[in-house]
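Derivation of every value follows stated rules applied to the coordinates shown; laboratory data play no part. Keep in mind it's a predicted model, so treat the numbers as computed, not measured. With ideal geometry, Cβ positions are generated from the backbone for all residues, glycine too; neighbour counts draw on all protein chains shown.
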Amino acid sequence: MEVQFELVIREKIAAAVDTPPPELTRRDVDLPPIKGKALAVIGMRRAGKTSFLQQCRADLLAAGRSANRLVYFNFEDERLGGLAANNLHMIPDTHLRMFPEPADEPVTLFLDEIQQVPGWETFVRRLLDTPGYEIFLSGSSAKLLSREIATSMRGRAWEITIHPFSFREFLRHHGHEVPVDMSVLTAKKTATLDHQFARYLETGGFPEAQALEPTHRRQLFQGYIDVLLLRDVVERHKVANVTALRWLVRRLLSRPAGLFSVTKFSVDLKSQGIPVSRDHLYEFLTHLEDAFLLQTIPVASDSEKRRQVNPRKVYPADPALIPVFDRSGKPNTGHALESVVFTELQRRQAEIAYVKTASGFEVDFLARYPNGTEEMIQVCTSIDDPETRVREIRALEDAGAEHPNARKVILSMESRMPFPQVPKHINVMPAWSWMLASADRA
C-alpha cells in the first residue's frame, strides 16, 4: 500500500511544481508577519479558501521563490483513501528525493483538505519543528474549524478567515476599476458604482455564483446549505433532530439582521409539534456559526447577564443566501445592505455589537476596532423620508451618551449629493464608499 501511496504522492508533487497557479480574482487578505506557525485558512464552504492558497503560491513565485519548493497538495483524491497520519511523512520525504539539491529557501507545503487524514495535527506540528518548512492549511469547516485548530495545534496555527467577495473584490472580479480616491469621483463613475453595488447585494460574493441567473443562483445556494448542514452539522455532531435544525436555519436566513431569541423560537417549534430543548437549539446555533453559515452579535453591554438575556442579531455569511428561504418575492435590500456592512466589519476585525439604549432606541452596530477607535453605524436604504431620518439620528444621539467616543455614521444606498441635512457630528455616506475606503481603523 505504501508503494501505491508513494507513486500517487510523487505524481501529485510533480504536477504541483510544474503547474502554474490559475488566474483568479485577487483577495484582499494580508498574511501575518510571523514565523513558526502554520497558516490555517478557514471560512464557509465555497468562499474561496483553495483559491487563496493558490494566490499565496503565486505571490511567492512572483517574489522569486523556486517552483519546486512550493508544493500544493490536495488530499481530496480517491487514490489516497486509507492514507493514515503515519503515512504523511511520505510527502516531505518523497519531495526531498525528487528535489535533493540544497536550497537556501524553505519548502512551503499548501495542504488542502488535510482533515481527510485523521491525526494530521501531529504531522504538521512535527514539520513546524523541522527547520526549512512552511505550512499552509485549508479544508472544509466540517473538521477544520477555528476551535479545533486552536485546540489541536496548541497555539501553533494562525487563522486567516476567507469570506465571500467584498465589494472591492466583486468589482475586481467583474473587471471594474476600483477607485483610489473617493473624493474625486465623476458623476458617471458614481452612477456605475451605484449600479454595481446594487448588483453586489443581489448576486452576493460567492465566486461560483457570479455569472448565474437568479433561479440557478438559488439552486446553487440551496446546495451549499444542504451540504453544509449534512456534513458540517448533522454528520459531524450526530444531530438527531434534523427537523428542528432545518426549521432553525429557515427562520434565521429568512429574517436576516433580525433579533432572535432561542426561548421564543423553542416555544414556536413546540406549537408546531416539534419539541426541542433550548440547550439543543443553543448547540445548533453554535454549530451553524462554527460552519460560517451565519453569525450572531449581542447587545452592547458590560454586563454579561444583559448580553445573555437579550436577543442576538443574526447575519448570513452572504446577502445572496437570503432569498433561499425568503419567498415573499419582495426586495430585501435593507437587510442585504446591513448584512454586507456586518461582514465588512468582520473583515476589519472589529468587535461588533448592537446598541439598545435605556430609552428603547436601537443602533445597528457598535464597532470597536483593534486600534481602539469606535464607530456607531446606522444602515438604511434611504434617509429621504423625514420620519426615517429623525429616527436614525435620534437613535445615534441617544446612544452617544453611552458611547461618547464613537464616531457616528449613517450608511445609505444613495450616492446623490447633497444628502438631507443632518447634525454635523453625524457622517452620512453611501455604504459602498465606506466599504471601499481604506480600512485604516482596523
FRET efficiency, residue 15 to residue 274 (Cβ-Cβ, R0 51 Å, nearest 0.05): 0.55
Roughly what percent of Cα-Cα pairs across segment 226-268 reach past 12 Å? 65 percent
Which entries of 264/305; 264/408; 356/408 show an alpha-carbon separation above 21 angstrom in the structure shown? 264/408
Viscosity 1.567 mPa s, temperature 4 °C: what is the translational diffusion coefficient of segment 1-72 from Stokes-Einstein with a Kirkwood Rh over Cα pairs, rounded to a whole number of µm²/s? 92 µm²/s
Which residue fluctuates the most in the chain, going by a Gaussian network model with Cα springs under 10 Å, if the choices are 54, 421, 115? 421
Taking a temperature of 20 °C and a viscosity of 1.002 mPa s, what whole-number D in µm²/s does Stokes-Einstein yield for segment 2-162 with Rh from Kirkwood over alpha carbon pairs? 134 µm²/s
Determine the percent antiparallel among the DSSP beta bridges restricted to the chain, to the nearest 5. 30 percent
Report the charge-dipole magnitude of segment 81-236 in Debye, nearest 20, computed about the Cα centre from +1 at each Lys and Arg Cβ and -1 at each Asp and Glu Cβ. 380 debye
Based on the Cα atoms of the chain, what semi-axes does the equivalent ellipsoid have, where each is the square root of 5 times one gyration tensor eigenvalue, given in whole Å with the largest first? 41, 27, 20
Looking at the square roots a ≥ b ≥ c of the eigenvalues of the Cα gyration tensor of segment 156-285, which shape do they give, rounded for a/c under 1.5, prolate if a/b is larger than b/c, or oblate? prolate
What net charge is computed for the residues neighbouring residue 94, neighbours being all others with C-beta under 12 Å from the C-beta of residue 94, Lys and Arg scored +1, Asp and Glu -1? -1
What stretch of the chain, leaving out the sites themselves, is the longest with no GluC sites (Glu not before Pro) in a DSSP loop having at most 10 other Cβ atoms within 10 Å? 178-442
If you take every residue apart from residue 414 with its C-beta less than 14 Å away from the C-beta of residue 414, what net charge results, scoring Lys and Arg +1 and Asp and Glu -1? -2
Using only Cα atoms, find the angle between the long axis of helix 242-254 and the longest principal axis of the chain, and express it within 0 to 90 degrees, rounded to the nearest 10. 50 degrees
Taking square-rooted eigenvalues a ≥ b ≥ c of the alpha carbon gyration tensor, is segment 212-330 rounded, prolate or oblate, where a/c under 1.5 means rounded and, failing that, a/b exceeding b/c means prolate? prolate
With DSSP loop assignment and no more than 13 other C-beta atoms within 10 Å, the trypsin sites (Lys or Arg not before Pro) in segment 159-262 are 238
Where Rh is the Kirkwood radius over Cα pairs, Rg/Rh for segment 304-429: 0.96
Length added when fully stretched, residue 308-residue 101, from 0.36 nm per residue minus Cα-Cα: 68.6 nm
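What do you get for Rg/Rh over segment 290-341 if you use C-alpha atoms and the Kirkwood form of Rh? Walk me through the intermediate numbers first.
Working: Rg = 13.5 Å, Rh = 12.7 Å.
Ratio of gyration radius to Kirkwood radius: 1.07.
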For segment 152-186 and segment 361-418, write down the distance between their C-alpha centroids in whole Å. 24 Å
